[in-house]
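Chemist: My questions all concern the structure below.
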Amino acid sequence: MSAARIANIVAIDGPAGAGKSTVARALARRLGFTMVDTGAIYRTVALAARRAGIEWDDDEGLRRVLEPSLGISFIAPPEDAPAEAQRVLLKGQDVTEAIRTPEISRGASVVSARPIVRAALLELQRQLGREAKKGAVLEGRDIGTVVFPDAPVKLFLTASDEARAARRFQELSQKGLAVTEAEVLADQRKRDASDRGRDIAPLKAADDALLVDTTGLDLDQVIDRCVDLAKSRLQA
Ligand code: DC
């Protein structure tokens with residue numbers, strides 16, 4: 001991958017609930033870039049496997065889910081719609097809500113630790129970043145370290161375990177899912193341990209990433225700071 005071709009990539013990594021999606025969405029909107037939620041791709045693999053009756057750690061079965069192609073596509077929201085209106089399709093079927101359940105969160109964590117899955121999704125993520133018209137904001141766990149290691153802007157968002165779980169709990173409750181905050185925290189700790197501890201592309205900040213701790217911060221302030229930073233790095 002030549003450096004010239006990744007000129008307009010913003011990489012946002014960090015654990016679940018650190019505010020990545022909110023920041024990525026706002027950045028994409030302000031810069032006129034396409035947002036790529038790479039977690040949604042891993043979630044879709046978990047959902048596709050579940051629907052096909054394939055265990056999340058069954059590499060042969062996962063291969064069948066991934067080849068010749070996963071069949072994922074995104075429908076970008078209209079300019080004036082809230083960015084959350086982005087839809088995720090699996091072989092033409094809308095799975096936007098189906099990939100956000102706690103069960104599929106667990107599945108995504110399992111499938112994302114399988115080398116066969118990461119290898120199959122690497123090129124797809126690069127392609128989504130490269131084919132974006134003006135540029136792309138990609139959010140995930142290994143964007144700045146593996147997917148686009150030469151990205152000119154790399155942000156690593158963190159927040160305390162409790163702050164992250166509280167945000168996730170609020171999100172899930174608003175969607176009417178019956179979970180307790182303690183369950184969300186316990187699930188999150190398991191997923192964090194798996195995301196950080198796996199051998200392949202573990203969650204970690206790139207050496208040249210800017211660390212942003214969002215605990216107790218108003219996300220609007222975080223966004224303003226990230227936008228300024230991204231603009232100055234992209235112009236440089
Ligand atoms: O960001 P999220 O919660 O939607 O991510 C779902 C899972 O996918 C999570 O366990 C981490 C994993 N993931 C990953 O390993 N690499 C990425 N680039 C994005 C997500």
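The values are calculated or read from the model by the stated rules, or taken from the named source; none is laboratory data. None of these values were measured; they are calculated from a predicted model. Glycine also receives a Cβ, built like all others from the backbone with ideal geometry; neighbour counts cover every protein chain displayed. SASA here: full protein model, heavy atoms, side chains in, ligands and nucleic acids out. Shrake-Rupley method; radii C 1.70, N 1.55, O 1.52, S 1.80 Å.
Chemist: Does at least one position in region 197-206 carry a residue that is exposed (fewer than 15 other Cβ atoms within 10 Å of the Cβ), over 19 Å from the mean Cα position of the chain (by Cα) and in a helix (DSSP H, G or I)?
Modeler: No; the residues of region 197-206 include none that is exposed (fewer than 15 other Cβ atoms within 10 Å of the Cβ), over 19 Å from the mean Cα position of the chain (by Cα) and in a helix (DSSP H, G or I).
Chemist: So, in region 188-236, how many residues would count as being within 24 Å of PRO152 (Cβ to Cβ) and either of a type in the set (Val, Ile, Thr) or touching a Phe, Trp or Tyr at 6+ places or on another chain (Cβ under 8 Å) (or both)?
Modeler: 10
Chemist: Any idea which residue in region 20-44 is nearest to VAL146 (Cα to Cα), counting only those that are open to solvent by less than 10 Å² (accessible area, probe 1.4 Å) and more than 9 Å from the ligand (Cβ to nearest atom)?
Modeler: Filtering region 20-44 for residues that are open to solvent by less than 10 Å² (accessible area, probe 1.4 Å) and more than 9 Å from the ligand (Cβ to nearest atom), the one nearest to VAL146 (Cα to Cα) comes out as VAL36.
Chemist: Here is a follow-up. Going through region 207-218 one residue at a time, which ones are open to solvent by 40 Å² or more (accessible area, probe 1.4 Å) and not charged (D, E, K, R)? Write out each step before concluding.
Modeler: Our first condition is that a residue be open to solvent by 40 Å² or more (accessible area, probe 1.4 Å); within region 207-218, this holds for 207-208, 210-211, 213, 215-218.
LEU210, LEU211, THR215, GLY216, LEU217 - these are the residues of region 207-218 that are open to solvent by 40 Å² or more (accessible area, probe 1.4 Å) and not charged (D, E, K, R).
Chemist: Here is a check on your reading of the model: is ALA113 part of a loop (DSSP other than H, G, I, E, B), modelled with pLDDT of 90 or more and under 30 Å from ALA178 (Cβ atoms)? Quick ask: steps written out before the conclusion?
Modeler: Numbers: part of a loop (DSSP other than H, G, I, E, B): yes; modelled with pLDDT of 90 or more: yes; under 30 Å from ALA178 (Cβ atoms): yes.
So ALA113 passes the test.
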